[in-house]
Amino acid sequence: MRPHATKLIEIVEQNARAIAQQWYKNVKINPKTPVYHAMPEDRAMEQALSFYSSFLKLFATDKPFEDAYTLFTKYADASYRDRIPLPQAIYALILMRRHMWLFAEYQAIFETAVDQRHALESQSRMILMFDYAEFVVIDRYDELMRKELDDKCKAMKVKAPLLSLWGGEKTK
């Protein structure tokens, strides 16, 4: 792993709870995440802490999509189970990324020009991880919603369509 990436990872790992707390304060009052306003703090914090504590593995892996798929499928399952609307689940992820980066900037770990170039490389990797996260969460919600519709149709003895939320047939 590159030394500059280690700086960011160390900051996130050593301060996971503090970063998660800042994130929680934001989602608790953010108008784009109203479902979090009434959510108990421990349940909300669990989401952020799960990601921040897995950050090293996601950042260092040779198979980022597979590891992101595993982590964010769990996030999607928990969010869906908690009835968090998809746009709010995605925005909560966006805020996780933002708070992680803001915390690192506040710690001034990237002070020199070389550090700033390394910061851009770290940010690029972080963006990739969150791109994967968003894809996985959206795809998983689609799958869970189709399953829920299918189960309801079976209970009513009606044949459910096998359509994706995006239109067309869903392929497995």
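Key figures for this structure:
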quantity: Neighbours by Cβ (under 8 Å, 6+ apart or cross-chain): first from the stretch 1-18, more than 10 Å from Phe103 (Cα to Cα); second at pLDDT below 75 and exposed (fewer than 13 other Cβ atoms within 10 Å of the Cβ); calculated: Ile9/Met1
quantity: Flag for Arg81 being in contact with a strand residue (DSSP E or B) (Cβ under 9 Å, 6 or more places away or on another chain) and modelled with pLDDT of 60 or more; calculated: no
quantity: Test result for Lys63, within 17 Å of Tyr91 (Cβ to Cβ), open to solvent by 40 Å² or more (accessible area, probe 1.4 Å) and without any contact (Cβ under 8 Å) to a residue 24 or more places away in the chain; calculated: no
quantity: Among (1) under 14 Å from the mean Cα position of the chain (by Cα); (2) open to solvent by 20 Å² or more (accessible area, probe 1.4 Å); (3) more than 18 Å from Met126 (Cβ to Cβ); (4) in contact (Cβ under 8 Å) with a residue 40 or more places away in the chain - the single one Ala89 does not satisfy; calculated: (2)
quantity: Subset of the stretch 23-54 (residues that are of a type in the set (S, T, N, Q), at pLDDT 95 or above and either assigned to a helix (DSSP H, G or I) or surrounded by 18 or more Cβ atoms within 10 Å (Cβ to Cβ) (or both)); calculated: Asn26, Thr33
quantity: Unique match (being closer than 17 Å to Tyr132 by Cα, part of a helix (DSSP H, G or I), open to solvent by less than 20 Å² (accessible area, probe 1.4 Å) and not acidic (Asp, Glu)) among Leu58, Leu71; calculated: Leu58
quantity: Those residues of the stretch 72-107 which are of a type outside the set (S, T, N, Q) and farther than 22 Å from Val35 by Cα, in sequence order; calculated: Trp101, Leu102, Phe103, Ala104, Glu105, Tyr106
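The values are calculated or read from the model by the stated rules, or taken from the named source; none is laboratory data. In this text the structure is predicted, and so the values were computed from the model without any measurement. A quick note on method: Cβ atoms are made from the backbone with ideal geometry, for glycine too, and the neighbour counts reach across all protein chains shown. Quick note on the areas: whole protein, heavy atoms, side chains included, nothing else; ligands and nucleic acids left out. Shrake-Rupley method; radii C 1.70, N 1.55, O 1.52, S 1.80 Å.
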